[in-house]
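Throughout, read-outs are computed from the coordinates displayed, never taken from laboratory work. Here the structure is a predicted model, which means the values were calculated and not measured. Please note: Cβ atoms are built from the backbone with ideal geometry, for glycine as well, and neighbour counts cover all protein chains shown.
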Amino acid sequence: MYPRSFADSDGDGIGDIRGVIAKLDYLHRLGVDVVWLSPFFRSPQDDNGYDISDYQDVDPMFGTLADIDELIAELHTRDMRFVMDVVINHTSDEHPWFVESRSSTTNPKRDWYWWRPAREGMAPGLPGAEPTNWRAFFAPSAWEWDETTGEYYLHLFTRKQPDLNWENPVVRQELYKMLRWWLDRGVDGFRMDVINMISKVLPLKDGPQVFGGPYGDGYAEFITGPRIHEFLQELNREVIAGRDKMLITVGEMPGVTVEEAKRFTDPANAEVDMVFQFEHVNLDHGPNGKFDVRPLRLTDLKASFGKWQTALAEAGWNSLYWDNHDQARAVSRFGSDDPRWRVLSAKALATVLHLHRGTPYIYQGEELGMTNFPFTSMAEVQDVESLHAARIGTELGMSEEAILAAIRARGRDNARTPMQWDDTPHAGFTAGTPWLPANPNYKEINAGVQVDDPDSVFTHYRALIALRHDLPVVAEGDFRMLLPDHETVYAFTRSLDGETLLVLANFGAAEQSVDLAEPDAEVVLSNYGDRASPVGTLRPWEATIYRTSRAPS
Ligand code: ISL
C-alpha cells in the first residue's frame with residue numbers, strides 16, 4: 001500500500017500510519033498475509049517518500065515511530081507480517097550524509113556518493129559536459145552540476161535523489177546497520193527499491209545514443225552491474241541470515257532478465273526471495289518507452305508469463321503482480337473498465353494471476369476493481385515521472401491533449417488517487433481535502449458496497465486468497481501453459497500429486513469456444529458464480545477454475 005493514498009486519520013488530506021492501523025481488519029478480512037508499505041520515512045517528498053532524508057524516523061506527515069511500532073504489533077496480533085520499503089540505491093539530497101558529502105571535496109563522506117568533474121574540455125554546467133551521457137528516469141541528465149565544489153553528482157532518478165556509492169564498504173555497513181535496527185524493531189522483511197542498480201560498471205562511461213537528444217541510455221552501465229550478486233549476498237549475510245524468524249526479501253529490479261532473476265532468487269545463492277521483474281508491464285510500451293502507448297497482445301503476455309513460470313520452476317521463485325503504485329490500474333489496462341465488463345474482467349485478471357505459481361501481490365484498490373482517473377488537465381497531474389514525460393512531450397511538439405491521453409493510460413497518479421472506502425465525500429479517504437482528488441466513480445466502486453456482497457470483486461479476491469491457503473496445488477503445483485497461440489483465451493493447468501486444476505479465462509467481450517474436452521470437470525471457482533460454463537465455452541470475460549481428473553493435452 002501507498003500510505004499517502006490509503007487512509008487519512010487526521011484530516012490533512014494525506015494518508016498516514018494511523019489511517020492504516022484503522023483499516024487492518026479490512027485487510028485481515030481480505031486474507032492478506034503480508035503488508036508491504038511504501039516509504040514512510042522522513043523525506044522532502046520530491047518523489048513521495050522515495051527520497052529519504054532520515055532512514056530511522058517517520059515523516060511527521062505520516063506519523064511517529066510509536067505509530068509504526070503499534071502498526072507492527074497490530075499486524076502481528078492478526079498474524080500478518082510487515083514488509084518495509086527501503087530505498088538504498090539513493091537518498092534524498094537533504095539527507096545529512098549528502099549534505100556533508102557536497103560540502104567539500106575533502107569531506108570524509110565525499111565518496112559516499114558519485115562525484116565527477118565535467119567532461120574534459122567542456123564548460124561545466126552546460127548540456128553535454130556531464131561526466132557520462134546517461135539520461136535519468138525523471139530528469140533529462142542523470143548528473144547535476146554542483147556549484148559549491150565544481151563537480152557533478154549522479155542521480156538516476158530526480159536531482160533530489162543522489163545515488164549512494166556502494167563501492168564504499170563504509171556506506172554498505174551503515175545501510176546494513178540501519179536495516180538491522182528495523183528488524184530489531186519487529187519488521188518482517190524488506191522490499192528493496194531499484195536494488196539491481198546499486199552496482200555500477202567502472203569506470204563510468206557513456207551508453208548508446210538512442211534517444212535522439214543529447215542524452216543516451218546508461219542501462220547497461222548500471223543495471224545488474226558486476227558486483228550486484230556480491231552486494232546482495234553480503235546484505236543477506238549481514239542483515240537477514242541467522243535471525244530466528246522467517247523474513248521476506250523482494251528486490252525491485254527494472255530490466256532484470258529471467259536468467260538473472262533465477263540467480264537472484266535461487267535459495268542456494270542467499271540473495272533475495274523474490275524479484276519484481278518488469279517484462280509483462282513493458283509489453284505495451286512502444287520504442288519511446290512507457291508513455292508511448294501500444295496495444296497489448298494476449299499472446300505476448302502469455303509468452304512472457306509462461307517463460308518466467310518455466311524458468312523459475314526448479315530453482316528461484318516468482319512474484320506476481322498486475323499493478324502497484326508505479327503502474328496504471330490493472331482493470332483499466334489489462335481488463336476493461338467499461339461498466340459492462342469491469343467487475344467480470346477484474347475478477348478474471350485476479351483469477352489468472354492468483355493461479356500462477358509465485359507470490360501474488362495486490363495493490364490497494366485492485367481488490368475493488370478501482371480504475372484509472374479521467375485526467376482532463378495537466379493541473380491535475382502531480383507525479384514527477386508524468387511531469388517529466390510531459391516536458392519531453394512538449395519539447396517534441398506533442399499537443400497537451402496527446403500528452404494527457406498518455407498520462408491517462410500510464411501515469412502513476414492513476415494508482416495514487418485515494419483509496420475508495422465508501423460513498424461519503426472523497427470516498428471516505430479524508431475529512432479534509434485529499435492531495436489528489438478521488439476518482440469520480442467512487443460512489444459505485446468502494447469497499448463499503450463490496451465487503452459483504454457475495455458477487456463483488458473483493459469477495460472474489462478473498463476466495464482466491466483462501467484457495468491458495470487451502471490448496472497446496474495452488475501454492476506449489478507445476479504450471480503448464482495451454483493454447484499459447486490463442487489470441488483471446490488464457491488457459492493453463494496447475495498439477496500436484498495427481499490433482500490438476502485447469503484455469504480458463506476469456507480476455508475479451510466476445511464468446512469463445514475452446515477445444516479442451518473435459519466433460520466431468522468440477523467448478524472450483526468462477527466469476528460467473530453458479531452459472532459457470534462447462535469446459536470449452538467461455539462467455540465475455542468468463543474465468544473459471546476447474547478440477548479435472550486428467551490434464552488436457
Ligand atoms: O515508475 C516506473 C515505471 O515507469 C519506473 O521507472 C520506476 O521508476 C522504477 O520502477 C523504480 O521505481 C521505484 O523507484 C523509484 C520510485 O519513484 C518508484 O515509486 C519506486 O517504486 C525511485 O525511487
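Partner lysines whose Cα lies under 22 Å from the Cα of K347, excluding those fewer than 8 positions away in the same chain, are identified as K302, K443.
Distance from the alpha carbon centroid of segment 151-212 to that of segment 31-64 works out to 17 angstrom.
Taking only the Cα atoms of segment 207-252, the ratio Rg/Rh comes out at 1.25, with Rh defined as the Kirkwood radius.
Once the Kirkwood radius over Cα pairs is known for segment 370-468, the Stokes-Einstein relation at 10 °C and 1.306 mPa s delivers a diffusion coefficient of 105 µm²/s. Loop-located GluC sites (Glu not before Pro) in segment 438-487 (DSSP state other than H, G, I, E, B) with a sparse environment of at most 15 neighbouring Cβ atoms within 10 Å: E444, E487.
Within segment 223-260, name every residue whose backbone N is under 18 Å away from a label modeled 7 Å from Cα of T310 along the Cβ vector. In segment 223-260, the label zone of T310 (backbone N under 18 Å from the point 7 Å along Cα→Cβ) covers 257-260. By DSSP, what percent of the beta bridges with both residues in the chain are antiparallel, rounded to the nearest 5? Expressed as a percentage, antiparallel bridges in the chain total about 70.
Bridging of K160 to lysines at a Cα separation below 27 Å is possible for K109, K177, K200, K205, K290, once same-chain residues fewer than 8 apart are set aside.
Here is the size of the chain from its Cα atoms: Rg then Dmax, 23.7, 77 Å.
Straight-line cross-link partners of K262 among the aspartates and glutamates, defined as a Cα under 13 Å from its Cα and at least 8 positions apart when in the same chain: E271, D273, E314. For trypsin sites (Lys or Arg not before Pro), the sites in segment 264-337 that DSSP calls loop and that have at most 16 other Cβ atoms within 10 Å are R297. Taking every alpha-carbon pair within segment 222-308, the share separated by more than 17 Å comes to 56 percent. Judged by the ratio a/c of the largest to the smallest principal axis of the C-alpha gyration tensor, segment 331-420 counts as prolate, that ratio being 1.5 or greater while a/b is larger than b/c. Arranged from fewest to most other beta-carbon atoms within 10 Å of their beta carbon, L349, L471 become L471, L349.
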